[in-house]
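The values are calculated or read from the model by the stated rules, or taken from the named source; none is laboratory data. Keep in mind the model is a prediction, meaning the values are calculated, not measured. Methodologically, a virtual Cβ is constructed for each residue, glycine included, from the backbone with ideal geometry; neighbour enumeration extends over all protein chains shown. Protein only, heavy atoms only, side chains kept; ligands, DNA and RNA dropped before computing areas. Shrake-Rupley method; radii C 1.70, N 1.55, O 1.52, S 1.80 Å.
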Amino acid sequence: MRTEDKWIVRIHNDNVNTFPGVTLVLEELLGWPVDACWATAERIHTTGSAELEPPVSAPEAENVVAALQIRGLRATLRRVG
């Protein structure tokens, strides 16, 4: 991974995590308002995944993905250049 590239974190839907659980993880990990976290959880549920904006550096994206995965969410990275 080139560190100057920007990456987007994608959270994937699963049959294990609940809306309140996903909302709580996003709120605690990212510091987002509850309404934004709930809307993201809804988007994950209805479309199968949601991308977190804005794109971030490779190390930051890797850290976010690892933190999401440790908390039981399915998350991946996508390079945007």
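Scan the range 1-44 for residues that are among the aromatic types (F, W, Y) and closer than 21 Å to S57 by Cβ and the total you get is 2. Being hydroxyl-bearing (S, T, Y) and either in contact with a strand residue (DSSP E or B) (Cβ under 6 Å, 6 or more places away or on another chain) or closer than 13 Å to L73 by Cα (or both) is the filter here, so list the residues in the range 6-53 that pass it. Within the range 6-53, T18, T23, T40, S49 meet the criteria.
Remark: pairs (first residue in the range 7-26, among the polar types (S, T, N, Q); second residue part of a strand (DSSP E or B) and surrounded by fewer than 20 Cβ atoms within 10 Å (Cβ to Cβ); Cβ separation under 7 Å; 6+ apart in sequence or on different chains) = N13/S49.
The set of residues in the range 50-81 that are small (G, A, S) and on the phi < 0 side of the Ramachandran plot comprises A50, S57, A58, A61, A66, A67, A75.
Between a first residue in the range 55-78 that is farther than 18 Å from I44 by Cβ and a second residue that is open to solvent by 60 Å² or more (accessible area, probe 1.4 Å) and among the β-branched types (V, I, T), which pairs have beta carbons less than 8 Å apart while being 6 or more apart in sequence or on different chains? Within 8 Å, the pairs are P55/V80; S57/T3; A58/T3; P59/T3.
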